[in-house]
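Taken together, the values in this text are just the output of simple stated rules run on the coordinates, not laboratory data. On a predicted model such as this, the values are computed, not experimentally measured, just so you know. A quick note on method: Cβ atoms are made from the backbone with ideal geometry, for glycine too, and the neighbour counts reach across all protein chains shown.
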Amino acid sequence: MVDDTEEQAWAEAGELDLRGLKCPLPAMKTIRALARMDAGGRLVVRATDPMSAIDIPHAVASAGGRVVSHDRDGRVLTFQIVR
């Protein structure tokens with residue numbers, strides 16, 4: 001269960017809309033965004049490339065971040081990431 005404070009933090013998280021981009025761009029742009037974030041920063045990433053389901057979690061881990069959750073709604077993959 002997510003408490004109100006955590007829910008508000010996700011609502012205020014940076015968002016990266018990568019829908020329509022093909023591999024390797026979603027992973028590369030996610031890494032670039034993480035590099036600009038402070039420790040503890042939150043990022044929501046949306047992508048439609050099916051390879052993003054594999055590439056983004058690997059890219060996030062290699063950049064020192066963590067995928068907290070991910071969802072699929074039709075073609076759109078949504079990742080909640082913490083640096």
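Just a few scattered comments:
- Neighbour-count ranking [beta-carbon atoms within 10 angstrom, fewest first] of D38, D71, D49: D38, D71, D49
- In terms of Cα atoms, the Rg and Dmax of the range 4-82 work out to 11.6, 35 Å.
- In range of the label at A53: residues from the range 62-76 whose backbone nitrogen is under 16 Å from the point 7 Å along Cα→Cβ: 69-76
- Fewest-first sequence of I54, I81, I31 by Cβ atoms within 10 Å of each Cβ: I54, I31, I81
- Think of each Lys and Arg Cβ as +1 and each Asp and Glu Cβ as -1; about the Cα centre, that makes the dipole of the range 12-55 roughly 120 debye.
- Student exercise, the range 4-82 dipole from Lys, Arg, Asp, Glu Cβ charges, in Debye to nearest 20: 460 debye
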